[in-house]
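Notes follow the structure.
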Amino acid sequence: MSASLLALQKLGISFGVQRVVHDVSFALEAGERFALVGESGSGKTILALALLQLLAGACYTGSIRFQDHELLQADEEVMRALRGREIAMIFQEPRAALNPLHRVGDQIAEVLMTHLALGREPARRRAEELLERCAVGSAKRQCRSYPHELSGGQCQRAVIAMALACRPKLLVADEPTSALDVTVQAQILELLDDLQREFGMAILLITHDLNLAARFADRVGVMREGLLIESAPTSEVFAHPVHPYTRELVASRPVRRVLEVSAKACEVLSAESISVEFGAQRLGWRSERIQAVRAVSLQLRRGETLGIVGESGSGKTTLGQALAALAPISSGRLVLFGETVQAGGRGRGVHSHGTGMHRFRRRIQVVFQDPSASLSPRLTVCELLEEGLILHAPTLSRTARRERIENVLSEVGLASRSGPEDFLLRYPHELSGGERQRIAIARALVIQPEILILDEPTAALDVLVQQQVIELLARLQARHGLSYVFISHDLGLTRAIAHQILVMKAGAVIEAATTEELFTAPREIHTRMLLAAVP
């Protein structure tokens, strides 16, 4: 193992008395691709952060050796020289990894200026080239954009460009495609494959996506509860899994959980040719307006699930925000529960931030795409779940609020691990990405809404928990008659839950059909391309 590029020997990681990684050993050779898979909270990301010594307050046992360096004994000066230059990381939550106060191009250029001593202008040109290579779209415009002006997938690709800037010897990729649609996933994997051959770098891929690991990795390690329970060449793991948990992961597939909608079901939401425009952006001497959503019409009935799919940047999230009256529409009309909420160009209807909108907020809730950005880092889990109840159900006693919070934590699968009490006093940064995602779902469910707008609600979850969430949503829909707008790049999951599906491209709906019609007889070439990319 000493001759390997990276070698872990009986690595243990603890925080206080809690041990989160137990005696993990594996080696990674130069140019090799090794995937760590496992459920949320299994210790994958903790292990990755340990490689770069980014865990405050952690205690270690064992060894992490990179080339000639023992990383557990390296001082901060040595680690600063290695981070970004020799070992780079693609972080799980791109918006949290990008500085919101600086333009994306400047942040990539900073890496090049720091580690390669490039001048400002050469670094900016190189940053634009990297964004172009990572298929961001208009690289020049994205360089001048701030992170909040990009979609989740565009932010993810910007972080990938930043990680690859210095041609590292080891790339640690923590869920590098979780926010991307299937076609862009394939592009990113092809990009990483090309760059690996060009630079000869090794890749440690951390993912909950078994299909991604199967397509990309030479070897796969399976983690559970801080233990590396199985490690073998990829073909062996998928053809002959040894551990019962590995067999369960390999066999897991989304199962359709849909009840027919009553013909008498009332309409709870409708959009009539709504469009959303963003303000002008300065590009050199030219300015432009960005039309993120173009004349979209849709209807949603009680107890129905409407799926919205499309590539990153197609306008899915912006449409979801408009449907929740969180983004002002420039034209068209939005109707909630029979009342006009927004009417672009014909009067505003109920003001989305005024007192008139307050009565709708309990009835329509949103699960946002990035839980790290939507959960306040200053509040505990209990406070996060309780604030909605205090606002929308002020008559509930403290005991009743606590009971409802514990029930919803159990429903989203958090109580089954160590009881709800363990989560109530934690802060978001103390949870894994998947646990934060489930807290975001619980926060929306706790006030018992009638409509849920779910923006990539399972993107950070492993396949087993994805299926649990789909089953949970199906049970709640059957029990309470909930209506869902399910926004996702995962067509397999969308098929498992949606009655109707809209396919978006460049802000417009290019195809609308029932789920079975779309999967059996798609009309548009773009839809067929999306379906062809589904594993």
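Report the full-extension gain for the segment Ala400 to Glu471: residue separation times 0.36 nm, less the Cα-Cα distance, to one decimal in nm.
Numbers: separation 71, 0.36 × 71 = 25.56 nm, distance 2.58 nm.
Going from the current span to full extension adds 23.0 nm.
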Accessible area of the chain belonging to carbon and sulfur atoms, whole % at 1.4 Å probe: 50
Cβ-Cβ FRET estimate between His429 and Glu129, R0 fixed at 45 Å, reported to 0.05: 0.85
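Given a Förster radius of 51 Å and the C-beta distance between Gln73 and Arg523 as r, what FRET efficiency does 1/(1 + (r/R0)^6) yield to the nearest 0.05? List each step's numbers first, then the result.
On the way: r = 62 Å, r/R0 = 1.21.
Computed FRET efficiency for Gln73 and Arg523: 0.25.
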Ser410/His480 FRET efficiency (R0 22 Å; Cβ-Cβ; nearest 0.05): 0.85
Fully extended contour minus Cα-Cα distance, from Ala3 to Arg359, at 0.36 nm per residue: 121.7 nm
Cα-projected label distance for Ala239 with Ala533, points at 7 Å along beta-carbon direction, nm: 2.9
Calculated Rg and Dmax of the stretch 97-234 using C-alpha coordinates, Å: 15.8, 49
Alpha-carbon Rg/Rh ratio, for the stretch 431-535, with Rh computed the Kirkwood way: 0.98
Karplus 3J(HN,Hα) series, Hz, for the stretch 198-212 with 6.51 cos²θ - 1.76 cosθ + 1.60 (x for Gly, Pro): 6, 9, x, 7, 8, 10, 9, 9, 10, 7, 9, 8, 5, 5, 5
Distance in nm between pseudo-label sites at Asn99 and Leu379 (7 Å out along the Cβ direction from Cα): 2.9
Reachable aspartates and glutamates from Lys44, criterion Cα separation under 16 angstrom, eight or more residues apart if same chain: Asp23, Glu93, Asp174, Glu175, Asp209, Glu225, Glu230, Glu430, Glu435, Asp462
Asn211-Arg253 pseudo-label distance in nm [points 7 Å out on the Cα-to-Cβ vector]: 1.1
P(r), alpha carbons of the stretch 181-324 - 10 Å bins starting at zero, rounded %: 8, 23, 22, 23, 19, 5, 0
Under the Karplus curve 6.51 cos²θ - 1.76 cosθ + 1.60, θ = phi - 60°, whole-Hz ³J(HN,Hα) for the stretch 374-389, x wherever Gly or Pro sits: 8, 9, 5, x, 8, 10, 6, 4, 4, 5, 4, 6, 7, 5, x, 5
Theoretical ellipticity at 222 nm over the chain - DSSP helices of four or more residues, -39500 (n - 2.57) apiece, nearest 500: -11000 deg cm²/dmol
Average accessible surface area per residue within the chain, 1.4 Å rolling probe, Å²: 42
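How big is the Kirkwood radius of the chain, worked out from every pair of different alpha carbons and given in Å to one decimal?
Numbers: mean 1/r = 0.0411 Å⁻¹.
After inverting the mean inverse Cα-Cα distance, the result is 24.3 Å.
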Chain lengthening between Ala295 and Ile510 when straightened (0.36 nm per residue, less Cα-Cα): 76.3 nm
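The values are calculated or read from the model by the stated rules, or taken from the named source; none is laboratory data. What you see is a predicted model, and the numbers here were worked out from it, not measured in a lab. FYI the Cβ positions are ideal-geometry reconstructions off the backbone, even for glycines, and counts take in every protein chain you see. Areas reflect the complete protein model, heavy atoms only, side chains present, ligands, DNA and RNA absent. Shrake-Rupley method; radii C 1.70, N 1.55, O 1.52, S 1.80 Å.
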